[in-house]
Amino acid sequence: MFNPGSLVTTKEEFAADNKVIPAGLLGVVNDSKFNTDQRVSVVFADARYFDLVSLRYLQPAKLLSFSDAKAVLEDVTRRRSYCKHAYYFNVKMYHWQLPDVLRQLLPNRRFEAYLSCRLEDFCRIELESFQEDMRTVLMSLDVSGVYLTGRMGGWLTLELPYDPVQNAYESYEFYSDNTGRYYYGEDIWPLDKELSDPQVLSNMLSLTEDDPEVWQEIVATRKEIITNVRYTGTLVDFLGKYVQARLYQFEESLSALETWEPFLQDFQVA
């Protein structure tokens with residue numbers, strides 16, 4: 001049985017709700033009332049959600065390496081202008097096209113204004129839907145806000161009350177500095193070398209040999225940070241794929257004539 005928030009991948013291709021789920025697809029187990037001893041609810045990276053997926057099709061996901069997870073987290077946190085503790089995903093739309101019947105009406109200024117209002121409505125509804133879905137997908141992250149930032153609203157922002165990696169690192173920094181002898185500095189990424197590195201181990205042992213309890217704390221905290229970075233980086237990598245899949249679906253919807261048919265009828269009445 002997988003716990004809510006567990007990262008999983010599909011062992012093999014299988015069908016669910018008459019849809020094919022490919023092998024190796026990354027997903028997150030949802031905290032759902034439909035979970036049983038044999039089946040769980042899963043949100044997949046291609047933005048599909050299934051209530052009852054047999055456990056025999058799932059396996060624990062292989063976490064990204066520390067360096068790969070670090071690169072993912074650096075990429076989504078580099079924008080600090082709106083919120084220091086947040087993940088940022090590019091959701092600018094480049095590829096959608098209005099149906100021809102709407103494009104032909106664009107010279108009409110009244111239509112253009114009406115179209116702009118309806119497009120804002122569509123985007124607002126999609127964001128509200130996404131915010132609700134994030135409560136399903138992000139149960140393992142303490143997200144305090146989901147909104148759009150940027151001059152044109154092109155960055156989806158997941159705000160956190162604190163940076164979980166930074167918080168763990170500060171604990172590690174305390175243990176290191178508390179000895180008065182061993183200190184990595186202010187860089188949030190001091191862990192490029194794993195604990196197995198003989199030189200790193202030798203240096204740390206020599207600097208804490210008089211206090212084995214401090215050494216044990218340093219080792220334990222360091223391992224915790226490595227695990228935290230790898231899990232969080234893998235989860236955020238999943239989110240990046242999920243966000244792009246949702247964005248693609250939205251672009252496809254905006255390009256479909258059936259999406260706009262009620263709007264065209266309203267405009268003709270107006």
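The values are calculated or read from the model by the stated rules, or taken from the named source; none is laboratory data. What you see is a predicted model, and the numbers here were worked out from it, not measured in a lab. Cβ coordinates were reconstructed from backbone atoms using ideal geometry, including for glycine residues, and neighbour counts include every protein chain displayed. We work out accessible area using only protein heavy atoms, side chains counted, and drop any ligands, DNA or RNA first. Shrake-Rupley method; radii C 1.70, N 1.55, O 1.52, S 1.80 Å.
In table form, for the structure just shown:
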| quantity | calculated |
| --- | --- |
| Derived scalar couplings ³J(HN,Hα) [the range 117-128; Karplus, 6.51 cos²θ - 1.76 cosθ + 1.60; whole Hz; x for Gly, Pro] | 5, 5, 5, 4, 4, 4, 5, 5, 5, 5, 5, 4 |
| Under the Karplus curve 6.51 cos²θ - 1.76 cosθ + 1.60, θ = phi - 60°, whole-Hz ³J(HN,Hα) for the range 69-76, x wherever Gly or Pro sits | 5, 4, 5, 4, 5, 4, 5, 8 |
| Relative pair counts by distance (%), Cα atoms of the range 9-66, 5 Å bins | 4, 19, 33, 26, 11, 4, 2, 0 |
| Residue-count net charge about Phe2 - beta-carbon cut-off 12 Å; Lys, Arg +1, Asp, Glu -1 | -1 |
| Percent carbon-and-sulfur accessible area, the range 88-151, ignoring ligands, DNA and RNA, probe 1.4 Å | 50 |
| Shape category assigned to the range 7-121 from the gyration tensor of Cα positions, a/c cut at 1.5 | oblate |
| Accessible solvent surface per residue of the range 1-88, calculated while the other protein chains remain in place, 1.4 angstrom probe, Å² | 54 |
| Shape category assigned to the range 101-150 from the gyration tensor of Cα positions, a/c cut at 1.5 | prolate |
| ³J(HN,Hα) computed for each position of the range 41-51 - Karplus, 6.51 cos²θ - 1.76 cosθ + 1.60, integer Hz, glycine/proline x | 8, 9, 9, 9, 5, 8, 6, 9, 10, 10, 6 |
| Relative packing of 227-237, 68-78, which averages over residues the other C-beta atoms within 10 Å, highest first | 227-237, 68-78 |
